[in-house]
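The values are calculated or read from the model by the stated rules, or taken from the named source; none is laboratory data. Just so you know, these numbers come straight off a predicted model, no measurement behind them. Here the Cβ is made from the backbone with ideal geometry for all residues, glycine too, and neighbour counts use every protein chain on show. For the accessible areas, the whole protein counts, side chains as well, though only heavy atoms, and no ligand, DNA or RNA atoms are used. Shrake-Rupley method; radii C 1.70, N 1.55, O 1.52, S 1.80 Å.
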Amino acid sequence: MNFYVLTLFPQMLEDGMRVSVIGRALEKGLITLTAINIRDFARNKHGKVDDYPYGGGAGMVMQPGPVYDAYLHAVKLIEERRKEQNLKPLSKKPRVIYLTPQGSVFKQKMAQDFSYEEDLIFLCGHYEGIDERVLEMIVTDNISIGDYVLTGGEMPAMVLMDAISRLVPGVLNNDISAETESFTEDLLEYPQYTRPVVFMDKEVPEVLLSGHHGKVDRWRQEQSLKRTMERRPDLLEKKK
Ligand code: ADE
């Protein structure tokens, strides 16, 4: 999986992604991350990439030119990589995900769908948004991470890349844990316990110490259902 991120703050992604599980996956080359600074494609010597909105109003709008050129650069990098790896040239344009509160709300199923792609381009906006014309030209997916407004798309892009990366084979130590976890079956995960058996008078549920796999599985299924009913009854409504 190769991620290309078009952003005004490449350092934010470098700092956020090169740690923990995703950091190790990057080191192993299971995933790659290329942050492309939109400012490098400014069409003036001051590096200015935004301007006042036509029609008036508050804030600034990112201009279409630098965003489009940054996108072309990402496509060029993808083509170069394919050539190096003796792969055929792209048969269709790569998917371009624009992070916006106006998009479809991100769900685990979308993470699964995106994880089958070889290359993904993320477009991170700032200020009041990006000129609509370039969005119409390059964006294939508008995605939101929830009904609230952030200052930019970098954190949402990291949220998506994290959720997608952990579905790439080899990124997690055990593929089973990606299968049984919360949301894969529209149920929340059961509670987990580890040593010690007694912590401040609270004991680990006895069934988990029994060594009886059938009973453990049944208990976990019950707990998943109970937890989903208590915390996210909307997920059970959806299953009906
Ligand atoms: N950019 C600003 N707010 C956002 C959100 N909630 N989801 C995705 N991108 C955003």
Discussion item. Let me cross-check T151: its accessible surface, 1.4 Å probe, with only protein heavy atoms counted, in Å² to the nearest 10?
Written reply: 120 Å²
Discussion item. When only alpha-carbon atoms are used, what values of Rg and Dmax, in angstrom, describe the chain?
Written reply: 21.9, 70
Worksheet item: Ignoring ligands, DNA and RNA, how do F122, F41, F9 rank by accessible area with a 1.4 Å probe, largest first?
Response: F9, F41, F122
Worksheet item: Mind checking which of Y190, Y148, Y52 has the largest fluctuation in a GNM of the chain, springs on alpha carbons under 10 Å?
Response: Y148
Practice prompt. Kindly list the residues of region 1-45 that lie in the label zone of K76, defined by a backbone N under 17 Å from the point 7 Å along the Cα-to-C-beta vector.
Written response: 4-7, 34-44
Worksheet item: Taking square-rooted eigenvalues a ≥ b ≥ c of the alpha carbon gyration tensor, is region 31-96 rounded, prolate or oblate, where a/c under 1.5 means rounded and, failing that, a/b exceeding b/c means prolate?
Response: prolate
Practice prompt. Take R195, R81 and sort them by solvent-accessible surface of the protein heavy atoms, 1.4 Å probe, largest at the top.
Written response: R195, R81
Worksheet item: Out of residues 5 or more away from N2 or on other chains, whose amide H comes under 5 Å of its own, with H placed 1.01 Å from N in the peptide plane?
Response: T32, D119, L120
Response to the item:
Taking placed amide H atoms and a strict 5 Å upper bound, the residues 5 or more places from I36 or on another chain that come that close are V5, L6, T7
Worksheet item: Given Cα pairs under 8 Å that are at least 6 residues apart, what percent is the relative contact order of the chain?
Response: 20 percent
Fill in: Accessible surface of H126 - all protein chains present, 1.4 Å probe, nearest 10 Å²
30 Å²
Response to the item:
Taking a probe of 1.4 Å and leaving out DNA, RNA and ligands, the chain shows per residue an accessible area in Å² of 62 Å²
Worksheet item: Residue by residue, what Karplus-based ³J(HN,Hα) values in Hz, rounded to whole numbers, does region 106-111 have, using 6.51, -1.76 and 1.60 with θ = phi - 60° and x for Gly and Pro?
Response: 5, 10, 4, 4, 5, 4
Discussion item. Between region 187-240 and region 44-117, how far is it from one alpha carbon centroid to the other, in angstrom?
Written reply: 41 Å
Discussion item. Spelling out what I want: for every residue of region 211-224, take phi, set θ = phi - 60°, compute 6.51 cos²θ - 1.76 cosθ + 1.60 (Karplus), and round to whole Hz; glycine and proline get x.
Written reply: x, 9, 4, x, 5, 4, 4, 4, 4, 5, 4, 4, 5, 4
Response to the item:
Along region 78-90, Karplus-curve 3J(HN,Hα) (6.51, -1.76, 1.60; θ = phi - 60°) to the nearest Hz, with x for Gly and Pro, reads 5, 4, 5, 5, 5, 5, 4, 8, 6, 9, 5, x, 3
Practice prompt. Could you tell me what percent of the accessible area of the chain is made up of carbon and sulfur, with a 1.4 Å probe and every protein chain present?
Written response: 52 percent
Item to complete: Assign unit charges at the C-beta atoms only (+1 for Lys and Arg, -1 for Asp and Glu), then state the dipole size of the chain relative to its Cα centre in Debye, rounded to the nearest 20.
Response: 380 debye
